[in-house]
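Have a look at the structure below, then the notes.
The values are calculated or read from the model by the stated rules, or taken from the named source; none is laboratory data. Predicted model only: the values in this text are computed from it and were never measured. A quick note on method: Cβ atoms are made from the backbone with ideal geometry, for glycine too, and the neighbour counts reach across all protein chains shown.
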Amino acid sequence: MSPSGDTSPAGDASPTSDVTGDGDAARSASRALDRAFGPGAVASTAAAPGRVTLVGEHVDYVGGHVACIAVDLALTVAVRPSADRWWRVAGLGQRVERREPVMAGDIGDRLLAVAQALHRSGVPVPPLEMSVAGDLPASSGLASSAAVILAAAVAMLRLACGRVTAEELVTVALTAERDIAGIPCGDLDQQVIVHARPGEVLALDCASGARRGVPWPWPTVALVVAASGEKHDVGGEEYRRRREAAEQACAALGVSTCPEIGDRWRELEPELLPRGRHIATETLRADAAVRALEAGDVAALGRLMDESHESLRRDCEVSTDRLDAMVAAARQIPGCHGARLVGAGFGGSVVALVDQGAAKGCAAALAAVSGRNEATWLVGSAPGLEATAADVVGREGDRS
Ligand code: GLA
């Protein structure tokens, strides 16, 4: 991963040592543990990448289709047994501790939820001290929530000498986030963080779980990501409301997944129609994005990203004035093919599809709106945990 202006095109990045949990990020997470809680046992570490959706936002929780990549921005979690059996977590400049791994509405929740989820799946985890480090920004629409949970799960599995299949790892992460931490997310983040392959876009069917990798066709076309500085929280009330409205739209039409809607969103009552139109058209756009990648049609993918943003703004109502202004600024740059908000919205980040030569200018245009020069990245695609954590994540039948 490199900062914008200085690096490799999306789809061309190779795994970094950070992503395997063996590099600088692992050392820095271990040092953070010592700083927060004093010296202790040698830590187990693991890193998990973030995610950028190309097209297919706010459809995963109603069985929609998504085109997305894992990116080379990552979070690393270090864990070690706690000598006095208190659970402790350090991250985001805060420290919390408690006797039991229960939810308390603080930065410890997601990590402690993983310990509970692993326990439920038959992998007992002793009381732990844990810390988080890395360059994937929190609350920025890049799946830091799923990444920290999955990194913690792999670090705990390493410590406990456990082994799971990739599917079981996704289930553990969803149990932790949805059932225990109470965040009503879909499964796109977990699927891509586990299954992504570098140089490929993952085409996901969130109803059947089917997925396939589509090669990134353009050596000189890149993805620029810029954080808006407006923090979003996937655990927030607005995300829950979007999900409920999408489910109501499906129920009103008598379908269980959004790809079944087609153009029947027109039959919805006015209060549900915009949400229904978003999920119906966004899943079709994700299919079209995969076709654009297969045809090598960069202009078509850019147009679909623009349309996705417009649908998220107008129909799903998850954009903000700043995100709209960033998207508009990116599109002004010659060589920018399309731009959209990425992730759940309500703040977070923007992703732009650009010719590599235009990446610097596009990043500068985005930063001029956000006021955050340090928060733009030229992202490359990263491998998922199936590849980087093969010591604990095996195939069906490998479970020990
Ligand atoms: C968050 C959720 C995902 C998905 C996206 C929006 O990242 O965790 O499940 O719903 O928002 O596409």
Self-check item: Every pair of residues 6+ apart whose Cβ atoms lie under 7 Å, when the first sits in region 36-58 and is among the acidic types (Asp, Glu) while the second is at pLDDT 95 or above and within 16 Å of the ligand (Cβ to nearest atom)
Solution: Glu57/Glu282; Glu57/Ser308; Glu57/Leu312
Exercise. Being assigned to a helix (DSSP H, G or I) and either touching a Pro at 6+ places or on another chain (Cβ under 9 Å) or buried (at least 18 other Cβ atoms within 10 Å of the Cβ) (or both) is the filter here, so list the residues in region 253-273 that pass it.
Key: Cys258, Pro259, Trp265
Quiz item: Among the residues of region 354-377, is there at least one that is crowded, with 24+ Cβ neighbours inside 10 Å, within 16 Å of the ligand (Cβ to nearest atom) and closer than 29 Å to Ile279 by Cα?
Solution: no
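Residues checked against (1) more than 16 Å from the ligand (Cβ to nearest atom); (2) touching a Lys or Arg at 6+ places or on another chain (Cβ under 9 Å); (3) charged (D, E, K, R); (4) modelled with pLDDT of 95 or more:
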residue	(1), (2), (3), (4)
Ser2	yes, no, no, no
Gly5	yes, yes, no, no
Asp22	yes, no, yes, no
Gly56	no, yes, no, yes
Ile69	no, yes, no, yes
Ala78	yes, yes, no, yes
Asp84	yes, no, yes, yes
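Kindly indicate which of Glu294, Glu282 is on the phi < 0 side of the Ramachandran plot, charged (D, E, K, R) and surrounded by fewer than 19 Cβ atoms within 10 Å (Cβ to Cβ).
Values: Glu282 fails: surrounded by fewer than 19 Cβ atoms within 10 Å (Cβ to Cβ).
When all the criteria are applied, what remains is Glu294.
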Quiz item: Can you tell me which residues in region 173-217 are within 17 Å of Leu54 (Cβ to Cβ), more than 14 Å from the ligand (Cβ to nearest atom) and in a helix (DSSP H, G or I)?
Solution: His195
Quiz item: Which members of region 78-109 meet the condition of being assigned to a strand (DSSP E or B) and without any contact (Cβ under 8 Å) to a residue 24 or more places away in the chain?
Solution: Gln94, Val96, Glu97, Arg98
Quiz item: List, please: which pairs have Cβ atoms under 9 Å, are six or more places apart or on different chains, and start with a residue in region 171-193 that is over 21 Å from His58 (Cβ atoms) and end with one that is near the ligand (Cβ under 9 Å from one of its atoms)?
Solution: Thr171/Gln190
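When you go through Arg331, Arg399, Arg395 one by one, which is the residue that is among the charged types (D, E, K, R), surrounded by fewer than 22 Cβ atoms within 10 Å (Cβ to Cβ), touching a helix residue (DSSP H, G or I) at 6+ places or on another chain (Cβ under 9 Å) and modelled with pLDDT of 95 or more?
It is Arg331.
Looking at Ser140, is it crowded, with 24+ Cβ neighbours inside 10 Å and assigned to a loop (DSSP other than H, G, I, E, B)?
Values: crowded, with 24+ Cβ neighbours inside 10 Å: yes; assigned to a loop (DSSP other than H, G, I, E, B): yes.
Considered against the rule, which asks whether it is crowded, with 24+ Cβ neighbours inside 10 Å and assigned to a loop (DSSP other than H, G, I, E, B), Ser140 comes out as yes.
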Quiz item: When residues of region 138-171 are filtered for being within 16 Å of the ligand (Cβ to nearest atom), among the β-branched types (Val, Ile, Thr) and closer than 21 Å to Arg88 by Cβ, how many remain?
Solution: 2
Practice problem: Sort through Leu112, Leu75 and tell me the only one that's part of a helix (DSSP H, G or I) and not aromatic (Phe, Trp, Tyr). | Solution: Leu112
Exercise. Any residue in region 319-332 that's farther than 19 Å from Tyr239 by Cα: show its pairings with residues that are acidic (Asp, Glu) at Cβ separation under 9 Å, as long as the two are six or more apart or on different chains.
Key: Val327/Asp306; Arg331/Asp306
Practice problem: State the number of residues belonging to region 29-54 that are within 16 Å of the ligand (Cβ to nearest atom), over 17 Å from Ala352 (Cβ atoms) and not small (Gly, Ala, Ser). | Solution: 1
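Looking only at residues that are in contact with a strand residue (DSSP E or B) (Cβ under 7 Å, 6 or more places away or on another chain) and part of a loop (DSSP other than H, G, I, E, B) in region 218-237, which one is farthest from Gly105 (Cα to Cα)? It would help to see each step written out before you state the result.
Our first condition is that a residue be in contact with a strand residue (DSSP E or B) (Cβ under 7 Å, 6 or more places away or on another chain); within region 218-237, this holds for 220-228.
So of that shortlist, the ones also part of a loop (DSSP other than H, G, I, E, B) come out as 220, 228.
Details: Thr220: 44, Ser228: 25 Å.
Going through the qualifying residues, I end up with Thr220.
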